[in-house]
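Notes follow once the structure below has been shown.
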Amino acid sequence: MVLNVLLLNKNLLEQLREVFLQKGFELTLLERAHCDSDAISMAKPDIILFDVGMHSEDDFLLYLDIVRWSNVPVLPVIYRKENSHYTMLTSQELLKDVEAILLGTDYSDQKENLASVKQYPYALTHYHDIFETIPYAVFLHDIHTGAVRDVNLAATKLFGYSRDELMNENPSIAYPPDTAFTMAHAMKHIDTAVIHGAHAFEWSACRKTGELMWLKVHLSLVAISDETLIMAVVHDITRERQLQKALEASEKRFKAVFEEFSDGLMLVDENGIVDCNAAVEQMFGYSKEEIIGLHPADLSPQIQPDGQDSRMLANEKIIHAMQRNVQPFRWVHRHKNGQDFWTEVALIVITIGDRNFILSIIKDITEIVKYENDREQFQKHMLQFQKMEAIATLAGGIAHDFNNMLTSIIGNINLAIIYLEKKDYDSTQSFKQSLDAALFSASQASELVKKLLSISRKTAGNVENVVVQDVLHDVKKICSASFPKTITVTYSIPPDAIYVAVDRVLLTQAVINCCINASHAVTLMRKEGNPGGTVTVGCSKGKCPDHIAAVHPEAKPSVEYAIISITDDGVGMDQETQQHIFEPFFSTKDKSIGTGLGLSMVYSSIINAGGFVHVDSSLGKGTTISLYLPALQC
């Protein structure tokens with residue numbers, strides 16, 4: 001007769017195939033996923049080899065089920081511990097076990113196992129190996145009294161009692177004092193498992209040291225040596241309970257903060273708004289019930305100020321937030337009464353339970369935007385005012401040159417008239433020369449007026465690619481015509497064009513302001529001695545020196561800059577003065593000379609163009625103001 005060996009693991013089947021077939025056994029495979037009492041019955045095995053993976057609770061429970069379902073020996077293929085390592089039994093060793101059980105072969109090393117077979121025909125000594133090596137605490141209880149019939153090593157370690165101390169005791173040995181966890185409650189759970197099958201619940205117990213712990217208990221009926229017992233597999237969930245309580249407390253705190261937060265808070269999922277705080281209700285004029293379920297864009301005008309569709313743009317912002325790209329942005333929302341208002345919004349991904357939500361933090365910044373708009377208008381007015389102040393400063397010097405130009409024009413025209421009146425003289429050549437001279441002077445005057453008009457115009461913000469040298473040539477023409485003759489102005493302008501992206505009018509105005517300040521430093525601000533001195537204007541291209549980058553966080557060491565420098569040998573400044581020179585209305589000059597807006601406008605223009613301003617000055621030695629602007633690679 002061929003004996004059928006049923007296996008539950010394909011790898012085990014491959015391992016045993018050759019050895020067992022040579023001995024005349026038939027091998028049948030039944031996958032674990034399809035293992036139940038009907039499948040085992042249909043396989044008609046003479047013995048079942050049950051492979052135990054990592055001594056898990058599932059392995060142990062399935063093993064006990066198979067023992068209960070079948071009426072043949074169940075041999076667990078477990079790991080033998082050798083030199084602190086677990087190794088699987090060899091095919092030859094398993095063959096000896098099977099032959100000893102089914103054929104009664106008297107192997108000398110199987111005598112103990114054969115004796116166990118007679119005592120436990122369906123559970124074998126290998127049952128106890130699994131029982132002891134499973135990492136969870138396991139108790140076997142009497143179904144009538146609840147008394148402990150057996151415990152494994154993990155149970156003794158968990159509770160701190162020895163096996164002898166636990167044997168034949170009822171569960172009350174580990175009950176905490178003054179609690180609802182009593183023997184009567186324990187027996188109700190046992191009765192539930194007996195009547196309805198597998199039963200799980202949470203339970204509180206004490207270690208021998210008195211330390212309280214929380215347990216997850218799984219009860220099931222098992223048949224061992226023809227005796228029905230209750231098996232309790234116990235998990236220590238104390239840490240999980242502590243974490244759960246901490247999570248619940250955290251959620252309560254989050255809810256309290258959520259509700260009381262001064263800014264608007266909304267929770268958003270794929271279906272829309274799922275919650276909001278009281279600040280949102282007040283901000284939008286809707287009740288929470290009206291808001292929940294809406295798409296965030298439903299609380300906005302259809303189109304944002306930049307012309308984009310609110311719903312499409314909102315969806316893009318949500319996608320960016322889901323990618324952990326947290327970037328606050330400005331957004332126009334709409335109140336229930338139809339009034340639009342500006343907000344700043346930040347979208348953050350948060351996890352509540354096992355779900356991700358978008359937390360939308362909304363701050364009403366209507367007043368801030370209004371202030372910014374007012375400030376921008378004020379700055380425009382101040383810029384125009386400062387331009388006119390600079391023109392007034394230049395006008396005195398220009399008036400003298402302009403008068404000379406007009407005198408030249410008038411004189412040459414008068415000469416032309418005289419030449420025309422002479423009858424006996426061929427005045428054609430002289431007449432032409434006079435008109436050419438008048439035309440030249442008129443052209444000079446026209447060019448000077450154009451330069452003044454260009455820097456005085458109100459329009460600004462026209463950023464373009466500008467050649468720095470062209471700006472300096474314009475400044476040269478204006479300053480040459482307006483500065484006193486006691487000032488020597490020199491220019492160091494390289495021939496290779498240096499390009500920057502800037503508003504040409506603002507850059508011209510900035511350089512002129514610096515030149516005017518330099519001229520004052522060598523003339524009007526000298527207390528004694530001969531007024532006059534040298535002003536040097538130059539430009540270059542290069543990276544920011546380390547000692548300058550160290551005091552300007554906005555400086556970028558890797559960027560090439562166009563550097564415009566205005567140097568004078570005037571009165572200079574101390575450190576205290578240098579700290580305030582860019583403040584609006586700050587001035588060390590007499591009030592009749594200026595308002596103190598010049599350098600503040602220089603600073604604003606250069607910063608807005610992505611650059612910075614560096615000042616190097618010493619009392620009595622003069623000042624250098626350097627304007628750094630990112631150079632373009634043209």
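Listing for the model above:
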item	result
Neighbourhood charge, 12 Å Cβ-Cβ cut-off, centred on G272 and excluding it, Lys, Arg +1 and Asp, Glu -1	-3
From phi via Karplus (6.51, -1.76, 1.60), per-residue ³J(HN,Hα) for segment 16-23 in Hz, x at Gly/Pro	8, 3, 4, 5, 6, 5, 4, 8
Computed accessible area, W331, all protein chains, 1.4 angstrom probe, square angstrom	10 Å²
For segment 508-524, 3J(HN,Hα) per residue [Karplus equation, 6.51 cos²θ - 1.76 cosθ + 1.60, θ = phi - 60°, Hz, x = Gly/Pro]	4, 4, 4, 5, 4, 4, 5, 5, 4, 4, 5, 5, 5, 5, 9, 10, 4
Residue-wise HN-Hα coupling along segment 273-290, computed from phi with Karplus coefficients 6.51, -1.76, 1.60 (Hz; x: Gly, Pro)	6, 10, 6, 7, 9, 5, 4, 5, 4, 5, 5, 9, x, 9, 7, 4, 4, 6
Summed side-chain charge close to F284 - residues other than F284 whose Cβ falls under 15 Å, Lys, Arg +1, Asp, Glu -1	-4
Cβ-defined net charge surrounding K543, 14 Å radius [Lys, Arg +1; Asp, Glu -1]	0
Chain lengthening between H335 and I195 when straightened (0.36 nm per residue, less Cα-Cα)	44.2 nm
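The values are calculated or read from the model by the stated rules, or taken from the named source; none is laboratory data. As the structure is a prediction and not an experimental result, all values here were calculated from the model. Cβ atoms come from the backbone with ideal geometry, glycine included; neighbour counts cover every protein chain shown. For the accessible areas, the whole protein counts, side chains as well, though only heavy atoms, and no ligand, DNA or RNA atoms are used. Shrake-Rupley method; radii C 1.70, N 1.55, O 1.52, S 1.80 Å.
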